[in-house]
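A quick write-up on the structure given underneath.
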Amino acid sequence: MAGRLLALGARNIKARTVPLGAAGAHGAVVDPKKVAIGSREVVGFGFNGQPNYVDRADFPMPALRWKEPTSDIKALREKEKGDWSKLSIEEKKALYRASFRQTFSEFKAPTGQWKSTIGMTLFFASMGLWLYMGMKFFVYNPLPPSFEKEAQEAQLRRILDLHMNPVEGLSSKWDYEKDDWKK
């Protein structure tokens with residue numbers, strides 16, 4: 001019984017050649033050798049095992065070629081199977097551009113996106129400050145009189161006169177004989 005289940009499971013694993021993803025999650029069995037975007041070739045495993053094209057420095061070999069093969073590119077591919085020293089620089093560049101969209105220096109070049117990010121951050125920070133100031137002036141009540149300097153000094157004097165918390169509080173640091181703070 002266990003041997004039969006193992007054989008059925010192995011057969012099911014062989015049938016599914018693509019990991020669960022956009023195509024595999026719906027029960028479709030897809031052969032990655034037959035998958036192509038247009039008529040582009042699948043030349044590798046791909047990023048996350050999916051047949052897609054992406055320019056990344058940490059994953060330099062995409063699964064698909066960038067361009068669909070034309071008659072010129074097909075002729076160059078046949079020519080590249082021979083001696084590469086017979087290829088001109090222009091032909092080598094054409095072959096590279098058929099397989100890759102950008103060079104490393106092109107896709108790693110700065111885009112200037114940081115400027116818009118900082119600009120939007122500053123914009124939203126200033127909007128938050130304007131919102132706060134509007135709320136402070138038009139919505140919130142004024143501060144109570146107990147926030148004024150004279151009221152705070154009067155409250156401190158009252159705490160000291162009533163000897164509040166004389167062991168560890170403010171009154172413990174007050175010298176009642178000299179009527180000043182202890183040194």
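The values are calculated or read from the model by the stated rules, or taken from the named source; none is laboratory data. The structure displayed is predicted, hence computed values, not measured ones. Reconstructed Cβ throughout: ideal geometry from the backbone, glycine too, with neighbour counts over all protein chains shown. For accessibility, only protein heavy atoms count, side chains too; no ligands or nucleic acids. Shrake-Rupley method; radii C 1.70, N 1.55, O 1.52, S 1.80 Å.
Quick notes on this structure:
- Condition met for Lys149 (surrounded by 10 or more Cβ atoms within 10 Å (Cβ to Cβ) and under 55 Å from the mean Cα position of the chain (by Cα)): no
- Scanning region 152-183 for residues that are open to solvent by less than 100 Å² (accessible area, probe 1.4 Å) and assigned to a helix (DSSP H, G or I) turns up Gln152, Ala154, Leu156, Arg157, Ile159, Leu160, Asp161, Leu170, Ser171, Ser172.
- Figure legend. Inter-residue proximity from region 54-68: first residues closer than 10 Å to Arg101 by Cα, second residues among the charged types (D, E, K, R) and part of a loop (DSSP other than H, G, I, E, B), beta-carbon distance below 8 Å, spacing 6+ or different chains. Indicated pairs: Asp55/Arg101; Arg65/Arg40; Arg65/Glu41; Trp66/Arg40; Trp66/Arg101; Lys67/Arg40.
- Phe107 in contact with a Pro (Cβ under 8 Å, 6 or more places away or on another chain), open to solvent by less than 80 Å² (accessible area, probe 1.4 Å) and not small (Gly, Ala, Ser): no
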